[in-house]
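Student: Submitted below is the structure of interest, expressed as structure tokens.
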Amino acid sequence: MMEDVELVTRAQQGDMLAFEQLVFRHDRKVLAIAARYVTSAEDAKDIYQEVFLRVYRNLNKFRFKSEFATWLHRIAVNVCLTHRARGRRTLQTLFADARGEDDGEPHGEIRDPAQGPDAVAAGADLAGRIERALGSLSPKQRMVFTLRHYEGYRLSEIAQMMNCVEGTVKRYLFTATRRMREQLKDAI
Amino acid sequence: MTHDDYRDLVFLAASGEIDDDVRAVVERHMASCRECAAEFASLGRLHAAITREGRAPEPDDRLLAEARQELRVALRAERARVRPWSALMEFTRTGPAWRLALGGALALACGVIAGRTVLAPSAGQGGGGTPPAVAVRGAEPHEEETRITNVHFVNHAKGSGEVEFTFDAVTPVRMRGSIDDPGIQKVLTHAMLNEENPGVRLQAVSALTRGVGEAQDSDVRGALVKTLESDPNVGVRKEALNALRRLPFDPEIKKALLHTLVADGNSGLRVAAINALDAGRSGAAGVDSDFLEVLKQKARSDDNNYIRVKARAVIQEATGQ
């Protein structure tokens with residue numbers, strides 16, 4: 001099987017088949033990152049598409065200073081963090097926008113306004129509560145938390161993907177964990 | 001080390017982020033500190049619950065197939081959007097000085113082509129219509145006259161005597177040669193994956209099908225697999241499946257057929273896929289656990305009666321149950 005380096009080189013020369021091989025080799029992971037970051041399948045597909053369009057547009061700027069997968073995942077993380085949910089902007093992104101910068105601090109208990117009493121009752125199971133607790137995290141906290149606990153990345157790898165120092169990632173994870181535990185304390 | 005230092009280490013230990021030797025230090029501390037031990041246990045319960053109950057499932061194959069199809073359409077639009085001139089500008093803008101010189105030379109070449117085309121005395125010979133049929137020895141492409149399209153004025157300062165515009169230089173190329181020729185196959189493979197028109201993609205697959213043999217080029221084979229998995233047109237996918245059936249059954253083809261059986265919305269294609277898998281298993285491939293799992297799922301829940309019956313029959317033959 002051809003190495004990523006060779007496929008990237010060929011794709012940079014305009015070989016679409018090589019580009020598609022690259023996509024098919026890595027896209028399941030990208031979709032997994034997206035699907036765990038957002039809750040709707042449509043949003044996950046939007047992110048997936050935006051990631052690979054950005055890769056396509058910027059592949060000629062890739063200089064092999066890192067693994068292709070690292071570069072790709074960094075793009076995926078950036079697209080997730082700047083993604084606006086289809087149809088409406090989420091409360092937490094509006095919060096982040098209002099402050100201009102995501103400072104990593106918890107945003108308080110944010111509930112989906114569409115959830116009436118029935119929906120809340122139906123979602124009273126642990127999975128539903130975890131989902132809501134994740135939804136209450138800031139985008140960067142949620143990204144660090146999902147990459148660490150669902151994708152199994154090390155903090156150093158996440159720092160590379162988010163283009164920040166490991167200490168910052170540790171702080172996001174620490175705050176996210178504290179927040180999750182607060183919200184789930186009577187369930188686990 | 002202070003108690004707060006240990007609390008940080010406890011957090012990292014529970015997150016699986018410290019080495020074994022540091023972990024041993026933390027464990028020694030926890031043996032004598034009930035608060036840190038309780039914190040470690042609490043974090044462990046949280047992580048276990050999140051892993052067990054949270055957003056665990058991998059994206060399913062159907063979602064992935066949909067995402068790939070939509071990406072393919074978006075990429076076609078993207079390629080149509082990017083003009084050669086833009087590419088040239090990018091090439092010269094981002095590189096060293098020699099690129100600027102080369103870019104200038106290319107621009108000059110474009111100008112010469114444009115001049116030849118626009119100012120040619122006998123416009124009827126190449127200005128429009130179908131290029132004349134040219135028999136080409138082997139599979140050498142024959143380039144016809146370049147056409148200028150999509151002229152877009154960027155700047156036209158009256159009185160300055162200068163004008164700036166962009167355009168697409170389109171060159172029709174006619175090829176003739178054996179379907180076994182790698183050059184022909186490469187062009188048709190590209191068309192199969194990238195042409196907007198499904199009729200053209202279908203013709204490309206059909207042509208390649210006629211050339212499919214034991215020594216099939218792996219690029220063509222890979223492209224047929226991708227077409228089967230993600231072409232939006234059912235006729236094109238069907239033709240790709242037919243082409244793959246003519247190749248020796250192998251794990252890559254089996255995987256593509258399983259994907260079709262699991263994820264394709266067209267029952268006719270799923271029937272063709274299960275038949276092809278059944279035929280393949282009678283060779284060396286047999287029925288492995290992946291295939292068996294899909295068969296069980298299909299026997300239970302496929303909405304097509306033939307597929308349910310066929311799946312049960314294959315399971316029975318393969319397992320004796």
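The values are calculated or read from the model by the stated rules, or taken from the named source; none is laboratory data. Nothing here was measured: the structure is a model prediction, and the numbers come from that model. Cβ sites come from the backbone with ideal geometry, for glycine too, and all protein chains shown count toward neighbours.
Student: Specify the residue that is nearest to residue B:68 (Cα to Cα); the eligible residues are those in region A:40-78 that are surrounded by fewer than 20 Cβ atoms within 10 Å (Cβ to Cβ) and under 11 Å from the mean Cα position of the chain (by Cα).
Tutor: A:75
Student: Oh, and also: Could you grab me the full set of residues in region B:288-321 that are under 16 Å from residue B:272 (Cβ atoms) and small (Gly, Ala, Ser)?
Tutor: B:311
Student: Kindly indicate the residue of region B:261-278 that is at pLDDT 90 or above and β-branched (Val, Ile, Thr) and also surrounded by the fewest Cβ atoms within 10 Å (Cβ to Cβ) among those meeting that condition.
Tutor: Restricting to residues being at pLDDT 90 or above and β-branched (Val, Ile, Thr), the top hit is B:271.
Student: Could you list, in sequence order, the residues of region A:28-37 that are surrounded by fewer than 22 Cβ atoms within 10 Å (Cβ to Cβ) and more than 7 Å from every other protein chain (Cβ to nearest Cβ)? Show your work before the answer.
Tutor: First pass over region A:28-37, keeping only residues surrounded by fewer than 22 Cβ atoms within 10 Å (Cβ to Cβ): A:28-29, A:32.
Across region A:28-37, the qualifying residue is only A:29.
Student: Looking only at residues that are buried (at least 21 other Cβ atoms within 10 Å of the Cβ) and among the hydrophobic types (A, V, I, L, M, F, W, C) in region B:183-201, which one is farthest from the other protein chains (Cβ to nearest Cβ)?
Tutor: Step by step, filter region B:183-201, then rank; the result is B:188.
Student: I'd like the residue in region A:148-188 that is under 12 Å from the mean Cα position of the chain (by Cα) and more than 12 Å from every other protein chain (Cβ to nearest Cβ) and, out of all such residues, is nearest to residue B:58 (Cα to Cα).
Tutor: That would be A:161.
Student: From the set of residues in region B:2-34 that are in a loop (DSSP other than H, G, I, E, B) and either without any contact (Cβ under 8 Å) to a residue 12 or more places away in the chain or under 21 Å from residue A:173 (Cβ atoms) (or both), which is farthest from the other protein chains (Cβ to nearest Cβ)? Outline the logic, then answer.
Tutor: Pass one, region B:2-34, residues in a loop (DSSP other than H, G, I, E, B): B:2, B:15-19, B:33.
Among the residues that remain, those that are also either without any contact (Cβ under 8 Å) to a residue 12 or more places away in the chain or under 21 Å from residue A:173 (Cβ atoms) (or both) are: B:2, B:15-19.
Working: B:2: 17, B:15: 7, B:16: 9, B:17: 6, B:18: 11, B:19: 12 Å.
Result: B:2.
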